[in-house]
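The block underneath contains the structure these notes are about, expressed in structure tokens.
Read-outs throughout are calculated quantities, based only on the coordinates presented, and are distinct from any laboratory measurement. The structure displayed is predicted, hence computed values, not measured ones. Don't worry about glycine lacking a Cβ; one is built from the backbone with ideal geometry, like all the others, and counts go over all protein chains shown.
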Amino acid sequence: MIEKKRPMKYLKIESDKGFYRIDSTKDEWTELDQISKDDLLKLLEIASKDDFDMDEYNSELLKNPAHNIIYKNISTKFSEFLTNKTRFKDTAETMYVTAKLRYTKELEENEK
């Protein structure tokens, strides 16, 4: 029997604060108020794969006001992205195939 791989958690709520990690091979978590633009982009890249999980936003568990605001915004955007990930991938693939066909057709016409 094939066992389905559990998604790896990258955003979590613990001890009244939000935390994130970039490297799933290490159990090193960074407080959410330290997140950078580059870290967000890395998390988005990870989320575009199937191996991404996060704790659901819960304002009662996030007593730190800064962490509450940051976690709410990030989890809302990532939840939306994860919900629509298949549609985003399909759209990107369709755009690629369309562009490739157009380019191939132009090459063939220029060779005549």
Scanning region 21-36 for residues that are assigned to a helix (DSSP H, G or I) and over 20 Å from residue 62 (Cβ atoms) gives none
Output the residues belonging to region 72-92 that are without any contact (Cβ under 8 Å) to a residue 60 or more places away in the chain, within 19 Å of residue 18 (Cα to Cα) and surrounded by 12 or more Cβ atoms within 10 Å (Cβ to Cβ).
72, 77, 79
Does at least one position in region 60-71 carry a residue that is touching a residue at least 24 places away in the same chain (Cβ under 8 Å), under 24 Å from residue 6 (Cα atoms) and out of contact with any strand residue (DSSP E or B) (no Cβ under 6 Å at 6 or more places or on another chain)?
no
So, in region 58-86, of the ones that are part of a helix (DSSP H, G or I) and over 14 Å from the mean Cα position of the chain (by Cα), which residue ends up farthest from residue 33 (Cα to Cα)?
72
